[in-house]
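Participant: My structure is below; once you've seen it, I'll send some questions.
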Amino acid sequence: MSKKDKASKAPKVEIGISKDDRQSIADGLSRLLADEYTLYLKTHNYHWNVTGPMFNTLHLMFETQYTEAALAVDLVAERIRALGFPAPGSYSQYAELAAVKEDTGVPEAMSMVRNLVADHETVTRTARSLFPLADAAADEPTADLLTQRMQLHEKTAWMLRSLLE
C-alpha cells in the first residue's frame, strides 16, 4: 500500500482547530521538541562528564534534570501527533530546529551550570513564543503543556542560577 493510499484511509483530524492552525502549532512544538531534546542530551553529557568539588551534587542534579527531560520530549512529541502531524525525530532535524545548541566539549563544572541556565531560559522563551498561536486557536491542551514546560524550565534555571551566586 502506498503512502498516499494509507493517508487517504486515515481519518481526518477533527478537534475543532483548523488544519492551518494545527500545522502552525505543530511547527512551533517541533522547535520546542528540538530544544527539549538537545537540552536533554547536553544535560546527560554533563552528568557523565562533570568533575570537581561539586561532583556529587551536580552529578545527581543533572541526572534528575535529564530524567525529567526524557519524559518531556515524549509529551511534546505526542502533542504534535495529536494535532495530526509527524514529530521530528532525528539529530539533523533537531540541529536545524533547535535554538539550544549542543556542547561537544567538556566544560568545567560551573561553566556547565551557566550553560544550562542559559539553555533552560532559551527553552522557556521557545515555549512562551507559542502561546499566541495556541491562544488564537483555543488550543488549551497545548497551552497547558506550554505552561507546565515553562514552570519547570524557569524553576530549573533559578535553581542552577543559585549555584552561581
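Each value in this text was obtained by applying a stated rule to the coordinates, not by laboratory testing. Note that this is a predicted model, so its numbers are computed, not measured. Positions of Cβ are generated from backbone atoms using ideal geometry, with glycine treated the same way; all protein chains shown enter the neighbour counts.
Participant: To test your reading of the geometry: what angle, between 0 and 90 degrees and rounded to tens, separates the Cα axis of helix 19-49 from the longest principal axis of the chain?
Facilitator: Its long axis makes an angle of about 20 degrees.
Participant: In what sequence do Thr43, Thr122 fall when counting other Cβ within 10 Å, fewest first?
Facilitator: Numbers: Thr43 27, Thr122 19.
Least to most surrounded, the residues fall as Thr122, Thr43.
Participant: Just need the relative contact order of region 10-122 here, percent rounded to a whole number, with Cα pairs under 8 Å and 6+ apart.
Facilitator: Here the relative contact order equals 39 percent.
Participant: For His44, His153, which order do you get if you count the other beta carbons within 10 Å of each Cβ and list the fewest first?
Facilitator: Starting with the residue having the fewest Cβ neighbours, the order is His44, His153.
Participant: Can you work out the PRE-style zone for Tyr91? Point 7 Å along Cα to Cβ, and I want the residues of region 104-129 with backbone N under 19 Å.
Facilitator: 104-107
Participant: Additional query: Can you tell me how region 1-112 classifies by the Cα gyration tensor, rounded, prolate or oblate, using a/c under 1.5 as the rounded cut?
Facilitator: prolate
Participant: Could you tell me how many degrees, from 0 to 90 and to the nearest 10, lie between the Cα long axis of helix 55-82 and the main elongation axis, the longest principal axis, of the Cα atoms of the chain?
Facilitator: That works out to roughly 10 degrees.
Participant: Also, I was wondering about something else. Using each residue's phi in region 120-126, evaluate 6.51 cos²θ - 1.76 cosθ + 1.60 at θ = phi - 60° and report the 3J(HN,Hα) Karplus result to the nearest Hz, with x for Gly and Pro.
Facilitator: Taking θ as phi minus 60°, the curve returns 5, 5, 4, 4, 4, 5, 4 Hz for region 120-126.
Participant: Here is a follow-up. How do Met54, Met61 rank when sorted from fewest to most other Cβ atoms within 10 Å of their own Cβ?
Facilitator: Values: Met54 15, Met61 21.
Result, fewest neighbours first: Met54, Met61.
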